[in-house]
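Participant: This structure is in structure tokens; I'll ask about it shortly.
The values are calculated or read from the model by the stated rules, or taken from the named source; none is laboratory data. What you are looking at is a predicted structure, and each value in this text was computed from that prediction instead of being measured. Cβ placement follows ideal geometry from the backbone for every residue including glycine, while neighbour counts extend to all protein chains displayed. Ligands, DNA and RNA are excluded from the accessible area calculation, which covers all protein heavy atoms including side chains. Shrake-Rupley method; radii C 1.70, N 1.55, O 1.52, S 1.80 Å.
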Amino acid sequence: MTEAKAKTGTGPLAGVRVVELAGIGPGPFAAMLLADLGADVVRVDRPGGGGLAIDPAYDVTNRNKRSVLVDLKSPDGPARVLELAERADVLIEGFRPGVAERLGVGPEDCLARNPKLVYGRMTGWGQQGPLAHTAGHDIAYIAVTGALGMIGSPDGPPAVPANLVGDYAGGSLYLVIGVLAALRHARTPGGAGQVVDAAIVDGTAHLTAMIHGMLAAGGWQDRRGANLLDGGCPFYGTYETSDGQYMAVGALEQQFYDTFVRLLGIADEAPARKDLARWAELREAVAARFKTRTRAEWTEVFDGSDACVAPVLSLAEAPHHPHLAARSTFTDFGGITQPAPAPRFSATPTAVTSGPTRPGADTASVARDWDLPGLTKGT
């Protein structure tokens with residue numbers, strides 16, 4: 001990063017200004033999404049850093065952003081953030097409830113300076129409730145929503161899906177949806193800014209909407225490994241190959257299932273797919289057949305078919321998958337292979353234009369572009 005860098009986004013959010021009060025996890029990821037979409041995201045880092053033990057040069061969630069250093073506990077720290085908020089369209093913070101208020105940069109203070117501001121709050125438990133002021137991480141949030149309890153084999157503990165379901169799906173994505181909706185409202189005639197309370201428990205619970213409908217209708221059993229989409233179904237799951245790798249099978253519909261068993265080579269001996277009493281027998285037949293060849297060999301067998309079968313790849317292997325490579329789903333920037341911005345836009349394309357920002361590296365350019373000469377004092 002250089003002090004001369006100016007932010008010129010080209011995505012659909014070009015011209016939108018976002019202030020991100022530095023945190024970890026879902027807040028920075030949400031701000032990265034907005035930056036990927038072209039917003040001018042200024043991350044307010046604290047002196048001395050903080051957060052996860054990762055070299056800032058590799059923190060991809062801080063790509064396409066700029067950074068300034070502000071000590072919110074210093075006498076003039078809150079005033080600097082309020083000056084940024086006055087010039088911004090969106091502010092994102094991920095403190096525990098009440099912390100931003102105590103620091104003097106809460107919603108009331110910021111909206112008083114900028115009534116059109118969208119103030120996005122990212123927490124695990126939300127702003128209210130018995131657990132609102134307690135610590136937590138992704139695994140606890142998805143645990144109480146029922147989402148974690150659905151994942152894994154019936155004879156083992158729940159499987160931990162990294163921090164994708166809670167932090168990023170139930171947290172970041174819902175914060176971004178809320179911020180964009182509130183931003184649209186703020187820009188309508190008579191519209192105003194507002195607070196967006198994005199709680200991971202709320203978003204994760206919302207993700208289970210279809211499952212709750214199936215549960216109410218009697219089409220879902222409230223236990224792991226007993227349902228169509230949780231590994232209980234023999235034609236929706238993963239199977240080991242002869243080389244210790246895995247293939248993923250999702251042949252739910254009859255026409256896809258027919259193609260699947262034909263290419264697998266068990267069409268003549270496979271039990272009827274609708275005979276739930278013989279699902280265990282069908283699973284054994286599928287598993288035995290997959291163990292006869294390597295993952296590469298099975299990938300070739302199913303390639304280009306409608307069997308809904310795919311190889312289970314590692315993070316390092318994924319960028320080299322032919323389909324993902326053809327679509328440039330991953331990109332290399334600054335020596336780091338990383339997912340490209342998503343989704344895609346025909347008129348306002350997005351791109352990775354800058355790597356992870358270093359804390360405080362862009363103070364001069366932000367001060368110039370946002371007309372905040374006082375921002376450089378003491379730097």
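Participant: Find out how many positive minus negative residues lie around residue 58, taking Lys and Arg as positive, Asp and Glu as negative, among other residues whose Cβ is under 15 Å from that of residue 58. List each step's numbers first, then the result.
Facilitator: Numbers: positive: 63, 65, 358; negative: 55, 59, 332.
Value of the local net charge: 0.
Participant: Moving to a separate point now. Could you run the Karplus curve 6.51 cos²θ - 1.76 cosθ + 1.60 with θ = phi - 60° over region 104-109 and give me ³J(HN,Hα) per residue in whole Hz, x for Gly and Pro?
Facilitator: Each residue's phi maps through the Karplus curve to give x, 10, x, x, 4, 5 Hz.
Participant: Report relative contact order for the chain in percent, whole number only (criteria: Cα-Cα under 8 Å, sequence separation at least 6).
Facilitator: Once divided by the residue count of the chain, the mean separation gives 21 percent.
Participant: Rounded to the nearest 500, what is the 222 nm mean residue ellipticity of the chain from helices alone, with -39500 (n - 2.57) per DSSP H run of 4+ residues and division by all residues?
Facilitator: -8500 deg cm²/dmol
Participant: Now for a different question. Going by amide H atoms built from the backbone, whose H comes under 5 Å of the H on residue 230, apart from near neighbours?
Facilitator: none
Participant: Something else now. Go ahead and set up a Gaussian network model of the chain, Cα springs under 10 Å, then flag whichever of 226, 30, 325 fluctuates most.
Facilitator: 325
Participant: With N denoting the number of residues in region 80-198, provide Rg(C-alpha) divided by 2.2 N^0.38 Å, to two decimal places. Don't skip to the answer; put the middle values down first.
Facilitator: Numbers: Rg = 16.9 Å, N = 119, 2.2 N^0.38 = 13.5 Å.
Rounded to two decimals, the normalised Rg is 1.25.
Participant: Distance between Cα centroids, region 90-164 to region 265-300: provide it in whole Å.
Facilitator: One Cα centre to the other: 43 Å.
Participant: Mind jotting down the distance between the C-alpha centroids of region 310-379 and region 11-60, whole Å?
Facilitator: So the separation of the two Cα centres works out to 11 Å.
Participant: Moving to a separate point now. 7 Å from Cα along Cα→Cβ at both residue 317 and residue 332: what's the point-to-point distance in nm?
Facilitator: Distance between label points: 2.1 nm.
Participant: Quick one: among 231, 190, 104, which has the greatest mean-square fluctuation in a GNM of the chain with alpha-carbon springs under 10 angstrom?
Facilitator: Top of the fluctuation ranking is 190.
Participant: DSSP beta bridges in the chain, what fraction antiparallel, as a percent rounded to 5?
Facilitator: Antiparallel bridges: around 35 percent, rounded to the nearest 5.
Participant: Can you check what the net charge comes to around residue 251, using other residues whose Cβ is under 12 Å from the Cβ of residue 251 (Lys, Arg +1; Asp, Glu -1)?
Facilitator: My count for the surroundings of residue 251 gives -1.
Participant: Can I ask one more? Just by accessible area at a 1.4 angstrom probe, what is the order of 111, 372, 229 from largest to smallest? Mind dumping the intermediate values first?
Facilitator: Numbers: 111 45, 372 5, 229 65 Å².
Reading off the accessible areas and sorting them downward yields 229, 111, 372.
Participant: Here's a follow-up. What residues qualify as long-range amide H neighbours of residue 120, i.e. H under 5 Å apart, gap of 5 or more or another chain, H built at 1.01 Å from N?
Facilitator: Residues meeting the amide H criterion: 91, 92, 93, 196.
Participant: Specify the residue with the greatest mean-square fluctuation among 159, 192, 216, computed from a Gaussian network of the chain linking alpha-carbon atoms under 10 Å apart.
Facilitator: Of 159, 192, 216, the Gaussian network model singles out 216 as fluctuating most.
Participant: Can you pull the semi-axes for region 302-379, root of five times each eigenvalue of the Cα gyration tensor, sorted largest first, whole Å? Mind showing how you got there, number by number?
Facilitator: Values: eigenvalues 331, 46, 14 Å².
In descending order the semi-axes read 41, 15, 8 Å.
Participant: Next question, about the same structure. Any idea of residue 291's accessible area? Nearest 10 Å², probe 1.4 Å.
Facilitator: Surface accessible to solvent at residue 291 totals approximately 100 Å².
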